[in-house]
1. If you fit an axis through the alpha-carbon atoms of helix 265-286 and take the longest principal axis of the Cα set of the chain, what angle between them do you get, 0 to 90°, nearest 10?
2. Could you tell me the ratio Rg/Rh of the stretch 311-437? Both radii from Cα atoms, Rh via Kirkwood.
3. Taking N as the number of residues in the stretch 262-316, what is its Cα Rg relative to 2.2 N^0.38 Å?
4. Tell me, how many Å apart are the Cα centres for the stretch 39-103 and for the stretch 229-275?
5. Once amide H atoms are built 1.01 Å from N in the peptide plane, which residues 5 or more positions from Asn130, or in another chain, come under 5 Å H to H?
6. Would you compute, for the Cα atoms of the chain, the largest minus smallest coordinate along each principal axis and list the three values in descending order, in whole Å?
7. Can you check how the C-alpha radius of gyration of the stretch 154-273 compares to 2.2 N^0.38 Å, as a plain ratio?
8. Ordering Arg153, Arg147, Arg470 by accessible area with a probe of 1.4 Å, largest first, what comes out?
Amino acid sequence: MSTETLMLSTVFVPILGSLTIPLVAQISSKARSVWSLLLGIVTSLCPILLIPFALKGGNLVVQKPLVYGFDAVFVADALSIFMAIVSSFIGGLIVFYSLGYVKHEEEQNEYYLMVLLFIGAMMGLVFSANLIMMYLFWEISAICCWRLIGFYREKEHVIKADKSFLVTFGGAVVMLFGFITIYNQTGTFNLLEMRGTTISSLAVVLILIGMFSKSATVPIHTWLPDAGVAPSTVTALLHAAVLVKIGVYAFARIFCFTFTLPNGWYTWIPVLAMLSALISACAAMVDNNMKRILAYSTVSQIGYIFLGFGMFNQVGIAGALLFILMHGLAKAGLFLCAGVVEHATHTKDIREMGGLIKTMPITAISYLLCALSVIGIPPLGGFFSKFMVIMATVKGGQIWVAALAIFTAGLTLLYLFRLFNAVFLGEAKKKDVYPVRSSVSNGVHEGTPVMLITIASLAVLSLLAGILVRYPMQLVNVATMQIVGGMK
């Protein structure tokens, strides 16, 4: 298959395929599950096949004129291919996990439709090189997010889903005004035609509001912890594969790859990123809801990614890109482990848990490996990405920001081990909430085989990604050089 075909297939296979799910479901529920998994596999495979093209420094632009000022422009380069691989691969694993997680739920047609459309919207945004196209895919993801967060349709869930939609939609509208400001300056929405252009501080502020709202950066972050009412597969998609990664990818494509910023922003963006990381880590230290703790952790780790990109140097950009991969693998594992625990205990309150390592050894070990990666313990993958981001901050001369980053990493260790201790170690706090007994003696299992295979795979990948870090770094280095090559 040609590079163009693979790129367009990555975008349109999940989008068009998702719309056929209700039709396939008319055959049988099993056919729907198989078809959904097949769509996820194909979507994951297409960008992987683009790796040789990306490693050679390839840059393919596909442009189709539509109407005045708005062309369909797709670009396949190392940056877009790397991001597509990470998001589609983790998304595919989440679809696989879903086969066991939602098999007894109602409205599975809508669930799989929205999940795959969600992944497709991310692929569309990743390959888009037109600001209006990015905005359209951005809003499609917001609609999918809204429906999936409110999946259970309980009043509390619907309210929180509405909140997430209003915050991210409102931020996107503000960002659109930023795009219009840029158009008034340059006369085009095509990012490839604007590379190297210096934009106004007004445009930067407006676009950052949209990015920060989508990536749940303090102070526009409260919707993400509230989204924990969604199924754990959905929260994994939000945190690890799709939604919050949209904002950091857009930052890389728009601010690092395309535009030059007014001087003051090179100081303020790292400061804002690190304050977000620190504040959210403090919030994770005191919360008792398992999924809210992990959500605050995501807000904190996203701060590191923004910090790496915001240093605008080669080490920082490479570290931020690697961080996207390492955090995606580990955080998906953590949320899917939480899904196994929630299925068994029917609670998210860590004060009502304890001793689960006795009945959930696979989940406990998988959680531990993923947590160690998020913390940044060698040789797991998260160590290398966090080290590079902090090193880039020191290299950029912002020593006190680097000190805060190290302090925040210490907080990450504390709150993730606090969660591990409360859930898996010790004795059950309330034995009437769930049975603490041997899974071997009575046939009670910690999760379906599909669920356990998925979390174990993510844990192993978090370890292997560190041990074999030189392999993803090859693609990261090419992407970094393509980005830095256009920076002034």
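The values are calculated or read from the model by the stated rules, or taken from the named source; none is laboratory data. Computed from a prediction, not measured in an experiment: that's the story for all the values here. As a convention, Cβ positions derive from the backbone with ideal geometry for all residues, glycine included, and neighbour counts pool all protein chains shown. These accessible areas exclude ligands, DNA and RNA; they are computed on the full protein's heavy atoms, side chains included. Shrake-Rupley method; radii C 1.70, N 1.55, O 1.52, S 1.80 Å.
1. Computed tilt is about 10 degrees.
2. With Rh from the inverse mean 1/r over Cα pairs, Rg/Rh is 1.09.
3. The stretch 262-316 yields a ratio of 1.28.
4. That distance is 18 Å.
5. Here the answer is Val73, Leu191, since their amide H atoms fall under 5 Å of that of Asn130.
6. For the chain, the Cα extents along the three principal axes come out at 68, 57, 42 Å.
7. Dividing the Cα radius of gyration by 2.2 N^0.38 Å gives 1.15.
8. Ranked list, largest accessible area first: Arg470, Arg153, Arg147.
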